[in-house]
1. When you look at VAL111, is it touching a residue at least 24 places away in the same chain (Cβ under 8 Å) and of a type in the set (Val, Ile, Thr), yes or no?
2. Against the definition (within 26 Å of the chain's Cα centre (by Cα), within 16 Å of the ligand (Cβ to nearest atom) and farther than 18 Å from PRO159 by Cα), how does VAL59 come out, yes or no?
3. What are the residues in segment 91-110 that are assigned to a loop (DSSP other than H, G, I, E, B), surrounded by 18 or more Cβ atoms within 10 Å (Cβ to Cβ) and more than 6 Å from the ligand (Cβ to nearest atom), if any?
4. (1) over 19 Å from the mean Cα position of the chain (by Cα); (2) surrounded by fewer than 19 Cβ atoms within 10 Å (Cβ to Cβ); (3) at pLDDT 95 or above: which one isn't true of LEU47, the others all being true?
5. Filter segment 78-90 down to the residues that are touching a residue at least 60 places away in the same chain (Cβ under 8 Å) and not in a loop (DSSP other than H, G, I, E, B), then identify the one that is farthest from the ligand (Cβ to nearest atom).
6. I'd like the full set of residues that are crowded, with 18+ Cβ neighbours inside 10 Å, assigned to a loop (DSSP other than H, G, I, E, B) and near the ligand (Cβ under 10 Å from one of its atoms), limited to segment 111-136.
7. Among the residues in segment 62-71, are any free of Cβ contacts under 8 Å to residues at least 60 places away in the same chain and part of a strand (DSSP E or B)?
Amino acid sequence: MSENRMSEDQPRLAEHLISRRKLFAKLGAASLGLAATGTLGLTYRFLSPNVLYEASPIVNAGKPDSYPLDSVTIDVNSAIYLIHVQEGFFSLNAICTHLGCMTVWKPDLDVITCPCHGSQFSREGQKLDGPAPKPLPWLKTWMNDDGEIMVDRSTVIKPFEFLRI
Ligand code: FES
């Protein structure tokens, strides 16, 4: 009786072994696929350039007639002041030289102030008060061929070099 039962169980055992073999084959293929995906990802990262893309330091400030005489205009996106005085145009870096806060123009006081620790600057960038160690830097300013004012935020110039138009 038990011999008879063993012969009945043998096909089921063989069927079970085949399905286990198929399972391990599928697991192996999945592992290879995962490893290949990881390798491709690492290869892509290795081959792609490892650089930081920064915005251009050159700012197009537009036409001079956008800036009336005796005006101080801040562009918060590029952190520059464009200032129009009798002698011409100039631009200042609007970042405070103390700890890097964005300064603010106060027309009623005729000063540029820093909201962080109270430094004050004249409209020419000279330090008047507070902990800032240096004046606000003057930035290279010129006119392009289309008659627009251009500012290079990465180039500091000597103070009182006006763009005369
Ligand atoms: S960051 Fe401007 S005074 Fe400190």
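1. For VAL111, the condition - touching a residue at least 24 places away in the same chain (Cβ under 8 Å) and of a type in the set (Val, Ile, Thr) - is not met.
2. no
3. Those that are assigned to a loop (DSSP other than H, G, I, E, B), surrounded by 18 or more Cβ atoms within 10 Å (Cβ to Cβ) and more than 6 Å from the ligand (Cβ to nearest atom): ALA94, THR97, THR103.
4. Condition (3) is where LEU47 drops out.
5. GLY88
6. CYS114, SER119, ALA132
7. Checking segment 62-71: at least one residue is free of Cβ contacts under 8 Å to residues at least 60 places away in the same chain and part of a strand (DSSP E or B).
The values are calculated or read from the model by the stated rules, or taken from the named source; none is laboratory data. Worth saying up front: this structure is predicted, and the values here are computed from it rather than measured. Neighbour counts are summed over all protein chains in view; Cβ atoms, including those assigned to glycine, are modelled from backbone coordinates with ideal geometry.
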